[in-house]
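Step one of this worksheet: look at the structure below.
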Amino acid sequence: MIDLIKNLPKAELHLHIEGTLEPELMFELAKKNSVEIPYKTIEDIKKAYNFTNLQSFLDIYYAGANVLQTKEDFYALTWEYILKCVENNIIHTEIFFDPQSHTTRGISFETVLSGIKEALEDAKKEFGITSKIIMCFLRHLSQEEGFKTLEEALPFKKDIIGVGLDSSELGNPPSKFEQLFKKAKDEGFKIVAHAGEEGDVSYIYDSLDLLKVDRIDHGIQAINSKELMQRLKEEQIPLTVCPNSNIELKAFESYKEHNIKKLLDYGLNVTVNSDDPSYFKGYLNQNFINIYENLDLSKDDIIKLVKNSFNSSFLDEGTKIKYL
Ligand code: HPA
Ligand code: ZN
């Protein structure tokens, strides 16, 4: 089964490119760009990756992202992830980036996007890996700031398939961004949002009803409402679940407690993803292996999870069929 997991061609739908920054590249870029980081050794970094909740991770994740300064840095970051895709047999990936983490430090939107985009173009040429780019709004910032970022993105619309919502969930509900997401939808962007990672089911309901999402990122708290479970099942709304992330950020005490198998058995459209793999101890295959080993997943479960990812991707229908 482990070989099956490794050998199956897979898609990934929930991956923050800034969350693939490996400690080695962080050090290299910190030195090159003369950016101070609070670690002396790789060991120091690994020790710091000991999280208690989402916010404790985000503080370290944003600090790490400060080493990214030039187009070449974003290219290098993305290319390293592409090499992990090759290792993990990921043949299609839809990656998030957080423009506001960079534009607020004086790095231009174009610098960030062009570095990521060129690496993804080279991934297609070199390995045949296909991809889409989704930009996320930081929900701890205001809707007004989100509107500015959306304006900045409009000249690059052809390169960005959708918009998402990430960062600190609790206290920053979907309703805060209703107008922004309406405008994004009118502009033709696909819509996703992190919801029900730490927030209760109201965050998932509001993502569906106010933001009109095409997919829910995480969504694990849905299990607390039978009515919501029924709706997610009927509408087959994709949930991009990230097992390692949920364990590392203490949504569940251990893999044995993770609810992905329950969600799947209920008939929800669940997918497996790595979220921020450099910070959460493993890329996509390791996420599959961890749930397989702890939750009694069958071969059919694994195949269903993989098919769900292709089906729920933003590939056009003709291309999807070729992958399935
Ligand atoms: N949740 C919210 N925001 C994030 C995450 C996450 O798991 N990863 C990167 N930004
Ligand atoms: Zn995420």
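Derivation of every value follows stated rules applied to the coordinates shown; laboratory data play no part. Everything numeric in this text was worked out from a predicted model, so none of it was measured. Positions of Cβ are generated from backbone atoms using ideal geometry, with glycine treated the same way; all protein chains shown enter the neighbour counts.
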**Item:** Cross-chain or 6+ apart pairs with Cβ under 8 Å, region 198-218 first and among the basic types (Lys, Arg), then buried (at least 24 other Cβ atoms within 10 Å of the Cβ)
**Value:** Lys212/Phe181; Arg215/Leu13; Arg215/Val192; Arg215/Pro238; Arg215/Leu239; Arg215/Thr240
**Asked** So which pairs qualify, if the first residue must be in region 113-137 and closer than 18 Å to Leu13 by Cα and in contact (Cβ under 8 Å) with a residue 40 or more places away in the chain, the second must be part of a helix (DSSP H, G or I) and among the basic types (Lys, Arg), the Cβ gap must be under 7 Å, and the two must be at least 6 apart or on different chains?
**Response** Thr130/Lys124
**Request:** Considering (1) surrounded by fewer than 22 Cβ atoms within 10 Å (Cβ to Cβ); (2) closer than 19 Å to Thr93 by Cβ, say which one Asp296 fails and leave the rest.
**Result:** (2)
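Pull up region 29-47, narrow it to residues that are part of a helix (DSSP H, G or I) and surrounded by 16 or more Cβ atoms within 10 Å (Cβ to Cβ), then point me to the one that is farthest from ligand 2 (Cβ to nearest atom).
Restricting to residues being part of a helix (DSSP H, G or I) and surrounded by 16 or more Cβ atoms within 10 Å (Cβ to Cβ), the top hit is Ala30.
Which residues, taken from region 80-90, are surrounded by fewer than 19 Cβ atoms within 10 Å (Cβ to Cβ) and either among the hydrophobic types (A, V, I, L, M, F, W, C) or touching a Phe, Trp or Tyr at 6+ places or on another chain (Cβ under 8 Å) (or both)? If you could, list the steps in order and put the result at the bottom.
Step one: filter region 80-90 for residues surrounded by fewer than 19 Cβ atoms within 10 Å (Cβ to Cβ), giving 80, 83, 86-87, 89.
Of everything in region 80-90, those that are surrounded by fewer than 19 Cβ atoms within 10 Å (Cβ to Cβ) and either among the hydrophobic types (A, V, I, L, M, F, W, C) or touching a Phe, Trp or Tyr at 6+ places or on another chain (Cβ under 8 Å) (or both) turn out to be Leu83, Val86, Glu87.
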**Message:** With the requirement that a residue be in a helix (DSSP H, G or I), out of contact with any Gly (no Cβ under 7 Å at 6 or more places or on another chain), in contact (Cβ under 8 Å) with a residue 24 or more places away in the chain and not acidic (Asp, Glu), what does region 1-28 give you?
**Reply:** Ile2, Leu4, Ile5, Lys6, Asn7, Ile17, Gly19, Thr20, Pro23, Leu25
**Asked** So, of the residues in region 57-77 that are surrounded by 16 or more Cβ atoms within 10 Å (Cβ to Cβ) and out of contact with any helix residue (DSSP H, G or I) (no Cβ under 9 Å at 6 or more places or on another chain), which turns out to be nearest to Gly171 (Cα to Cα)?
**Response** Leu58
**Checking Phe177 against (1) away from ligand 1 (no atom under 16 Å from the Cβ); (2) buried (at least 24 other Cβ atoms within 10 Å of the Cβ); (3) aromatic (Phe, Trp, Tyr), the condition it does not meet** = (1)
**Prompt:** From the set of residues in region 48-85 that are part of a helix (DSSP H, G or I) and among the hydroxyl-bearing types (Ser, Thr, Tyr), which is farthest from Leu249 (Cα to Cα)?
**Reply:** Tyr75
**Asked** Taking region 93-112 as the region of interest, how many residues are away from ligand 2 (no atom under 16 Å from the Cβ) and either surrounded by fewer than 23 Cβ atoms within 10 Å (Cβ to Cβ) or under 19 Å from Gly282 (Cβ atoms) (or both)?
**Response** 10
**Message:** Out of the residues in region 247-271 meeting the condition of being within 13 Å of ligand 2 (Cβ to nearest atom) and either buried (at least 23 other Cβ atoms within 10 Å of the Cβ) or of a type in the set (Ser, Thr, Tyr) (or both), tell me which one is nearest to Glu227 (Cα to Cα).
**Reply:** Thr271
**Message:** Filter region 112-138 down to the residues that are out of contact with any Phe, Trp or Tyr (no Cβ under 7 Å at 6 or more places or on another chain) and over 23 Å from Asp316 (Cβ atoms) and list them by number.
**Reply:** Ser114, Leu138
**Request:** Give the residue that is farthest from Gly64 (Cα to Cα), with candidates limited to residues of region 243-288 that are of a type in the set (Gly, Ala, Ser) and more than 14 Å from ligand 1 (Cβ to nearest atom).
**Result:** Gly267
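Every residue in region 35-88 that is of a type in the set (D, E, K, R) and either away from ligand 1 (no atom under 16 Å from the Cβ) or within 22 Å of Gly115 (Cβ to Cβ) (or both), please.
Glu36, Lys40, Glu43, Asp44, Lys46, Lys47, Lys71, Glu72, Asp73, Glu80, Lys84, Glu87
Mind counting the residues in region 124-150 that are part of a strand (DSSP E or B), more than 16 Å from ligand 1 (Cβ to nearest atom) and not charged (D, E, K, R)?
Taking region 124-150 first, the residues part of a strand (DSSP E or B) are 130-138.
Filter once more, keeping what is more than 16 Å from ligand 1 (Cβ to nearest atom): 130-132.
From what is left, the residues that are not charged (D, E, K, R) are 130-131.
Total meeting the criteria: 2.
Does Ala11 qualify as being in contact with an Asp or Glu (Cβ under 8 Å, 6 or more places away or on another chain) and either among the basic types (Lys, Arg) or within 20 Å of Pro243 (Cβ to Cβ) (or both)? Full working, then the answer.
On the way: in contact with an Asp or Glu (Cβ under 8 Å, 6 or more places away or on another chain): yes; either among the basic types (Lys, Arg) or within 20 Å of Pro243 (Cβ to Cβ) (or both): yes.
Taking the combined requirement at face value, the residue satisfies it.
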**Fill in**
Scanning region 191-242 residue by residue, the ones that are within 16 Å of ligand 1 (Cβ to nearest atom), charged (D, E, K, R) and closer than 17 Å to Leu15 by Cβ total 3
**Prompt:** So which pairs qualify, if the first residue must be in region 48-64 and without any contact (Cβ under 8 Å) to a residue 24 or more places away in the chain and farther than 17 Å from His194 by Cα, the second must be within 15 Å of ligand 2 (Cβ to nearest atom) and not in a loop (DSSP other than H, G, I, E, B), the Cβ gap must be under 7 Å, and the two must be at least 6 apart or on different chains?
**Reply:** Ala48/Ile60
